[in-house]
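S.K.: Got a structure here, written out as structure tokens. Questions coming.
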Amino acid sequence: MATVSFQQVNKQYPGGFQAVRDLNLEIADGEFVVLVGPSGCGKSTTLRMLAGLEEITSGEIRIGARRVNEVEPGQRDIAMVFQNYALYPHMTVRQNLAFGLKMRRTPKAEIARRTGETAETLGITALLDRKPRELSGGQRQRVALGRAIVRQPQVFLFDEPLSNLDAKLRVQMRAEIAALHQRLGTTMIYVTHDQVEAMTLGQRIVVMDGGVVQQAAAPLELYRQPANRFVAGFIGSPPMNFIRGTLSAGRFAFDGRELPLNDAATDDGSAILGIRPEDLLAEGSGPTLGPAALEVVEQMGHESLGYFRLAGQRCAMRLAADAGLTPGDMVEPRLRPGAWRLFADDASGKRL
Ligand code: ATP
């Protein structure tokens, strides 16, 4: 069983910087978990601790039933794929794929069989006798993936493996990694700062900020039920709109306007209203934010995005592609009933 478990894990770098704080995370056998967050949030440190490339300051990490705190990286039965490929430049693709198996004294015939199968799986059979410098970025990343697969590890770790690829190739490789997970069914842990990558790949997403897990949930739950303002703002593009105001007897007042939210469950006081761009409708019967002039209209093809200013802050709403609206046109954005969220107007930003 390749479950992975972090129990009360902390990481303090020499010098005292706390990169990961009180991490508790249980990953199921065969699960695809994505760690996501802004630069410096501690996601790579978390992955590197699991790989054994970074010591943990306190707590416990288990792979399966085995406590691995003191286990050497090479003995953890994991394979890691990095952003910079980390291929051996002087070896051919075939030799790169075979290297790990050779080190483990795998019989020659088995090396040949597994190398061949892996190359087939990744569509790189024709490249087996080339050197890394004779490959494109996408092909190199495929070889790096192959080097991980060929070892048949218990757990795959990915550290921003697609960051060096261009946008089109990134989307293609993303789908390939998802397909690979379906085929192999192996536990995969994937680090990225890209929320789209996280949403499309992860069965479960762990959002980190400041070394602390902000929320761990399935993609849609994260999107619809964000635990706090950070998660709400991080997941979704364009991001959720936030409006600061005051809640009183179920009415939300801001900038001299008032919205009947009919929210009796939330305590009166200052709060932040969060609304996703697609939950602002150009028409309908929901409460309106009041008239606003469009500043920018972005045509996306299947829809367009309209930007306007509310209480001094830029907000976005989705418009029909053929709405025919241009900057300067007035809109009256309405809330989709029940589709807004309220957050505490304090450092916690927790959902109210
Ligand atoms: P990025 O996406 O930029 O790689 P990250 O979320 O992966 O960010 P980490 O690499 O885990 O972040 O780093 C977390 C924090 O720990 C950062 O503030 C970083 O500066 C700090 N840090 C990382 N490595 C060390 C180190 N060897 N010594 C001291 N501080 C470190």
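What follows is calculated from the coordinates using simple rules that are stated; it is not laboratory data. In this text, all values refer to a predicted model and were calculated from it rather than measured experimentally. Quick reminder, even Gly has a Cβ in these numbers, built from the backbone with ideal geometry, and neighbours come from all protein chains shown.
S.K.: Please give the Cα centre distance for the range 245-284 versus the range 64-126, rounded to the nearest Å.
M.R.: Answer, in whole Å: 55.
S.K.: Continuing with this model, one more query. Please list, in chain and number order, the residues 5+ apart from M208 or on another chain whose amide H is under 5 Å from its amide H, with Hs placed from the backbone.
M.R.: Those lying under 5 Å, H to H, from M208 are V36, G37, Q214.
S.K.: Kirkwood hydrodynamic radius of the chain from all distinct Cα pairs, in Å? Mind showing how you got there, number by number?
M.R.: Working: mean 1/r = 0.0439 Å⁻¹.
Over the chain, the inverse of the mean reciprocal pair distance is 22.8 Å.
S.K.: Follow-up. Calculate the length of the line joining the C-alpha centroid of the range 305-352 to that of the range 151-213, in whole Å.
M.R.: 30
S.K.: Here's something else I'd like to know. Please report, in debye to the nearest 20, how large the charge dipole of the range 1-140 is about its Cα centre when each Lys and Arg carries +1 at its beta carbon and each Asp and Glu carries -1 there.
M.R.: The dipole of the range 1-140 has a size of about 540 debye.
S.K.: Something else about it: Which number gives the lysine pairs in the chain that have C-alpha atoms under 22 Å apart and are eight or more places apart or on different chains? Walk me through the numbers before you get to the answer.
M.R.: Working: K11/K43; K43/K350; K102/K131; K108/K131.
Count of close lysine pairs: 4.
S.K.: Another question, then. What residues have an amide H closer than 5 Å to that of R130, excluding those fewer than 5 places away on the same chain, when H is modeled at 1.01 Å from N in the peptide plane?
M.R.: The list, which skips near neighbours in sequence, is V93, R94.
S.K.: State to the nearest 20 debye the size of the charge dipole of the chain about its Cα centre, where the only charges are +1 on K and R beta carbons and -1 on D and E beta carbons.
M.R.: Values: 41 positive and 39 negative charges, 318 e Å.
So the dipole magnitude of the chain works out to roughly 1520 debye.
S.K.: Another question about this same structure. Can you give the net charge of the other residues whose Cβ lies under 13 Å from the Cβ of T115, counting K and R as +1 and D and E as -1?
M.R.: Details: positive: R94, K102, K108, R113, R114, R147, R151; negative: E110, E117, E120, D129.
With Lys, Arg at +1 and Asp, Glu at -1, the net is +3.
S.K.: Sticking with this structure for a sec: List every residue whose amide H lies under 5 Å from the amide H of L162, counting only residues 5 or more places away in sequence or on a different chain, with H placed 1.01 Å from N in the peptide plane.
M.R.: Excluding prolines and chain starts, which carry no amide H, there are no hits.
S.K.: Trypsin sites (Lys or Arg not before Pro) within the range 64-133: which are DSSP loop residues with at most 12 other Cβ atoms inside 10 Å? It would help to have the intermediate numbers written out before the result.
M.R.: Values: sites: R66, R67, R76, R94, K102, R104, R105, K108, R113, R114, R130, R133; in loops: R76, R104, R105, R130.
For trypsin sites (Lys or Arg not before Pro) across the range 64-133 that sit outside H, G, I, E and B with at most 12 neighbouring Cβ atoms in 10 Å, the list reads R104, R105.
S.K.: Working out 0.36 nm times the residue gap between T125 and Q203, then minus their Cα-Cα distance, what length gain in nm do you get to one decimal?
M.R.: Values: separation 78, 0.36 × 78 = 28.08 nm, distance 3.03 nm.
So the extension gain works out to 25.0 nm.
S.K.: Considering only the other residues whose Cβ falls under 10 Å of the Cβ of D159, what net charge follows from Lys and Arg at +1 and Asp and Glu at -1? Intermediate results must be reported in sequence, preceding the final value.
M.R.: Working: positive: K43, R48; negative: E160.
After counting each charged neighbour, the total is +1.
S.K.: Report relative contact order for the range 154-239 in percent, whole number only (criteria: Cα-Cα under 8 Å, sequence separation at least 6).
M.R.: 22
S.K.: Once phi is turned into ³J(HN,Hα) by the Karplus curve 6.51 cos²θ - 1.76 cosθ + 1.60 with θ = phi - 60°, what whole-Hz value does each residue of the range 193-202 show in order, with x for glycine and proline?
M.R.: Computed from phi, the couplings for the range 193-202 are 9, 9, 5, 5, 4, 4, 5, 7, 9, x Hz.
S.K.: Work out the length of the dipole vector of the range 196-352 about its Cα centre, built from +1 on the beta-carbon of each Lys and Arg and -1 on the beta-carbon of each Asp and Glu, and round it to the nearest 20 debye. Mind dumping the intermediate values first?
M.R.: Numbers: 15 positive and 19 negative charges, 64 e Å.
So the magnitude is around 300 debye.
S.K.: Shifting gears a bit: Got a sec to turn the phi values of the range 133-146 into Karplus ³J(HN,Hα) couplings, 6.51 cos²θ - 1.76 cosθ + 1.60 with θ = phi - 60°, whole Hz, x for Gly and Pro?
M.R.: For the range 133-146, the Karplus-derived couplings read 5, 8, 10, 7, x, x, 5, 4, 5, 5, 5, 4, 4, x Hz, x marking Gly and Pro.
S.K.: How charged is the neighbourhood of G312? Take every other residue with its Cβ under 12 Å from the Cβ of G312, and add Lys/Arg as +1 and Asp/Glu as -1. Walk me through the numbers on the way to the answer.
M.R.: Values: positive: R244, R309, R314; negative: D255.
The answer is +2.
S.K.: How large is ³J(HN,Hα), in whole Hz, for each residue of the range 219-229 in order, when computed from phi with the Karplus curve 6.51 cos²θ - 1.76 cosθ + 1.60 and θ = phi - 60°, using x for Gly and Pro?
M.R.: Computed from phi, the couplings for the range 219-229 are x, 5, 5, 4, 6, 8, 10, x, 6, 7, 5 Hz.
S.K.: So, one more: Using the 10 angstrom Cβ neighbour count as an exposure proxy, how do D159, D194, D29 rank, fewest first?
M.R.: On the way: D159 21, D194 17, D29 14.
Arranged by neighbour count, lowest to highest, D159, D194, D29 become D29, D194, D159.
S.K.: If neighbour count is taken as other Cβ atoms inside 10 Å, put T125, T288, T46 in order from fewest to most. Display every interim value, and only then the final one.
M.R.: Details: T125 15, T288 18, T46 28.
Sorted ascending by nearby Cβ count, the order is T125, T288, T46.
S.K.: Continuing with the same structure: What percent do you get for the relative contact order of the chain when only Cα pairs under 8 Å and 6+ apart count?
M.R.: Relative CO of the chain lands at 16 percent.
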